[in-house]
Structure formats: C-alpha cells, structure tokens
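Notes follow once the structure below has been shown.
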Amino acid sequence: MTTDQFSVRIWGARGTVSSSDETCRKYGGNTACIEMCCGDETIVFDAGSGLRLLGNSMVNNRIKRTHIFFTHCHYDHISGFPFFAPFYSPDWQVDLWSGHLEGPDKTQRMIREYMRPPFFPVGPQVFSADVNYRDFEFEDVLTPVKGVRIETMSLNHHDGCVGYRINFSGRSICYITDTTHTLGEIDQNIVDFVHETDLMIYDATYTDAEFPQFWNFGHSTWEEGIRICQAAGVKRYCTFHHRPSRPDDDLDDIATAARKIFPQSHVGREGLFIEV
Ligand SMILES: [Zn+2]
Ligand SMILES: [Zn+2]
C-alpha cells in the first residue's frame, strides 16, 4: 500500500565520538544516523554508530532497498558503515551518495579508504548486496526515488560537509549538521535553504556560553539553531550532534530552555520519531 507518510527516526544523535556513559542513557550514545520514511521508501542519512541497529531493524522489516546519504566522512558519520547488516545479504540493493569530496569516484574512494587494512580487516568487496556508488556536487538536486527531491548545500565545516533538504509530498525536512557560524552573525545561506521547512535537524554541539571557546571546531549551538528557525519560518526544530560529554540532565535543561523560546523544539535522542 502506498502512503504519503513522511517521518524521521533518530538512531544516533551524538556527535564527535560515541559515548556509553551512564549519564548518556536517555538521549543515547550512538553517533549520527537518521532514518527517513518517504511513503514506502526508506532512506538513511549518515552512517555513524547508530547505523548498526537501524540495519538490523531494516532486515527484520524485510525492506530490500535503501539509500545512504553522507553529510561527510568524519568518523562519527561513518563508523557504523561496515556493520550495516543489509550489505551482507545478496537480495539487497543499497545506493551510497556523497558530495563533499572532490574528484572522480569520490563515494567509492571514501569507502575503499575507510574499509582497508590496517584500519579495518576487510574491504567493501566482502559485501554481497548490490551496492552502487553515486557522486554529486554541492547544490545538485537529487531524485533517488520517485517523488523524493533532495536539495543539497555546502555547510561551513572542516573538510567539507553537505546540508540536505528532503522534499516529499508537499512537505520538507532539513538535515543540517555539521556546521559552524560566526558569532553574532546568522548564516543567511542556511536561512534561505531551510526557509519554511517543516522540520530542521541542526548541529547543536555547543551552547552559546561555550561557543567562544570552540568557535573554530566546526560546530554550532542550540540557540543558533533557534535563531535560524525564527529567521526562516521553520515549523519544528530538533537539536542534534550532542557533545559526548553532555549528560542527560543537561540535555533535559536544554529541552526546557529551548521550548520556552521556540515551543516546537525537540532535543534529538535515539528512538525519537517525528512525523511532519
Ligand atoms: Zn560530526
Ligand atoms: Zn564533522
């Protein structure tokens, strides 16, 4: 049955490195991984450590095809990649998409260079699924499956990073991580890109109070995300890419503070499901 359901489920909301601290149980310690359902199609954004459990769930749900879009390949966005169960099943098709690197064959190169000795014992030739490598450039518009239109932009991050706007059935969701901003200056490129979107997931690694100490680390703040939402008429907001050291209690406090300023705010956590 075809539906026009459009939703996200978070499988990893942590940034930088996964965290198994006692104090991180509520929001989860796995790194960046998002499942997006566009009608009958399931697509994935980033392959952080959260990808492992998502892969198991997809196998259990007997899905046979998906696409994985990379924002970039820092370890917190790729570490779960080799542990995605569908790669080891011959009846699966997985398309991999990336656009942050330069030169030819960039997606295949990224995977080959990541999965190789002595850093990893085997290469992607061990996959039995039908794996396709798809390259794009910043600002390309992608149509991976019928009815899904994905806009892309270049974010402000070391080694390059792609921001995504996924449009489906008259609605949109924006996935904007990892990116930084200039203190006191809103990033107009992002404001234009996320204009009136139904949901923006945003790099909220820091707080405004912490930011001056980390201004050149390539990340942003939860308050900056709200300023973007307000400037761009965004409908719902979800913070993402939490510092590994940020305990659940602090994230609860951020949730309360964020809702006071922008009532339609969520703090990203593993298992969080949002339908737009
Ligand atoms: Zn990251
Ligand atoms: Zn990064």
Query raised in the report: So, of the residues in the stretch 39-82 that are within 16 Å of ligand 1 (Cβ to nearest atom) and among the hydroxyl-bearing types (Ser, Thr, Tyr), which turns out to be nearest to residue 3 (Cα to Cα)?
Result: 71
Report task. List every residue pair whose Cβ atoms lie under 7 Å apart, where the two residues are 6 or more positions apart in sequence or sit on different chains, the first residue falls within the stretch 64-75 and is under 12 Å from residue 178 (Cα atoms), and the second residue, located anywhere, is more than 8 Å from ligand 1 (Cβ to nearest atom) and of a type in the set (S, T, N, Q). Result -> 70/98
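Inspect all residues belonging to the stretch 98-108 and state whether any of them is among the hydroxyl-bearing types (Ser, Thr, Tyr), in contact (Cβ under 8 Å) with a residue 40 or more places away in the chain and in a strand (DSSP E or B).
Yes, the stretch 98-108 has at least one match.
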Report summary line: Only unsatisfied item for residue 10, checking (1) within 16 Å of ligand 2 (Cβ to nearest atom); (2) more than 25 Å from residue 130 (Cα to Cα), is (1)
Report task. State whether one or more residues within the stretch 200-216 are within 16 Å of ligand 2 (Cβ to nearest atom), under 20 Å from residue 33 (Cβ atoms) and either touching a helix residue (DSSP H, G or I) at 6+ places or on another chain (Cβ under 7 Å) or without any contact (Cβ under 8 Å) to a residue 12 or more places away in the chain (or both). Result -> yes
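Looking only at the stretch 21-33, which residues are more than 16 Å from residue 205 (Cβ to Cβ) and either part of a loop (DSSP other than H, G, I, E, B) or not hydroxyl-bearing (Ser, Thr, Tyr) (or both)?
If the condition is that a residue be more than 16 Å from residue 205 (Cβ to Cβ) and either part of a loop (DSSP other than H, G, I, E, B) or not hydroxyl-bearing (Ser, Thr, Tyr) (or both), then 21, 22, 25, 26, 33 are the ones that fit.
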**Report entry** Residue count for the stretch 52-65, restricted to those that are over 16 Å from residue 271 (Cα atoms) and either within 16 Å of ligand 2 (Cβ to nearest atom) or touching a Phe, Trp or Tyr at 6+ places or on another chain (Cβ under 8 Å) (or both)
**Finding:** 2
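Is the stretch 235-249 home to any residue that is out of contact with any strand residue (DSSP E or B) (no Cβ under 9 Å at 6 or more places or on another chain) and under 20 Å from residue 9 (Cβ atoms)?
The first filter runs over the stretch 235-249 and keeps only residues out of contact with any strand residue (DSSP E or B) (no Cβ under 9 Å at 6 or more places or on another chain), leaving 245, 247-249.
Narrowing further to those that are under 20 Å from residue 9 (Cβ atoms): 248.
Yes - at least one qualifying residue is present in the stretch 235-249.
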Query raised in the report: Quick check: is even one residue across the stretch 82-98 within 16 Å of ligand 2 (Cβ to nearest atom), closer than 27 Å to residue 268 by Cα and touching a Phe, Trp or Tyr at 6+ places or on another chain (Cβ under 9 Å)?
Result: yes
Query raised in the report: Could you say whether any residue in the stretch 8-20 is part of a strand (DSSP E or B) and within 12 Å of ligand 1 (Cβ to nearest atom)?
Result: yes
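Please verify whether residue 49 is buried (at least 17 other Cβ atoms within 10 Å of the Cβ), within 16 Å of ligand 2 (Cβ to nearest atom) and over 28 Å from residue 139 (Cβ atoms), treating the condition exactly as stated.
On the way: buried (at least 17 other Cβ atoms within 10 Å of the Cβ): yes; within 16 Å of ligand 2 (Cβ to nearest atom): yes; over 28 Å from residue 139 (Cβ atoms): yes.
Considered against the rule, which asks whether it is buried (at least 17 other Cβ atoms within 10 Å of the Cβ), within 16 Å of ligand 2 (Cβ to nearest atom) and over 28 Å from residue 139 (Cβ atoms), residue 49 comes out as yes.
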Query raised in the report: If the Cβ limit is 6 Å and pairs must be 6+ apart or interchain, which residue in the stretch 146-168 that is away from ligand 2 (no atom under 16 Å from the Cβ) pairs with which residue that is polar (S, T, N, Q)?
Result: 149/143; 149/167; 165/172
Report summary line: Per the list (1) crowded, with 24+ Cβ neighbours inside 10 Å; (2) away from ligand 1 (no atom under 14 Å from the Cβ); (3) assigned to a loop (DSSP other than H, G, I, E, B), residue check on residue 90 breaks on (1)
Query raised in the report: What tally of residues in the stretch 62-81 results from selecting those that are of a type in the set (D, E, K, R), in a loop (DSSP other than H, G, I, E, B) and under 12 Å from residue 15 (Cβ atoms)?
Result: 0
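Please report, ordered by residue number, the strands (runs of 3 or more DSSP E) entirely within the stretch 121-230 with at least 3 residues that are within 16 Å of the chain's Cα centre (by Cα), buried (at least 19 other Cβ atoms within 10 Å of the Cβ) and at pLDDT 95 or above. Before the answer, list the steps.
Numbers: elements: 130-135, 148-154, 162-168, 171-176, 199-203.
In the stretch 121-230, 148-154, 162-168, 171-176, 199-203 are the strands (runs of 3 or more DSSP E) which contain 3 or more residues that are within 16 Å of the chain's Cα centre (by Cα), buried (at least 19 other Cβ atoms within 10 Å of the Cβ) and at pLDDT 95 or above.
What number of residues in the stretch 34-52 are in a loop (DSSP other than H, G, I, E, B), under 15 Å from the mean Cα position of the chain (by Cα) and not hydrophobic (A, V, I, L, M, F, W, C)? Please lay out each step first, then the result.
Here is the first cut: in the stretch 34-52, the ones in a loop (DSSP other than H, G, I, E, B) are 39-40, 46-50.
Next, only the ones that are under 15 Å from the mean Cα position of the chain (by Cα) stay: 46-50.
Still in the list and also not hydrophobic (A, V, I, L, M, F, W, C): 46, 48-50.
Number of matching residues: 4.
The values are calculated or read from the model by the stated rules, or taken from the named source; none is laboratory data. This one's a predicted model, so the numbers in the text were calculated from it and none came from an experiment. Here Cβ is always computed from backbone atoms with ideal geometry, including for glycine, and neighbour counts include all displayed protein chains.
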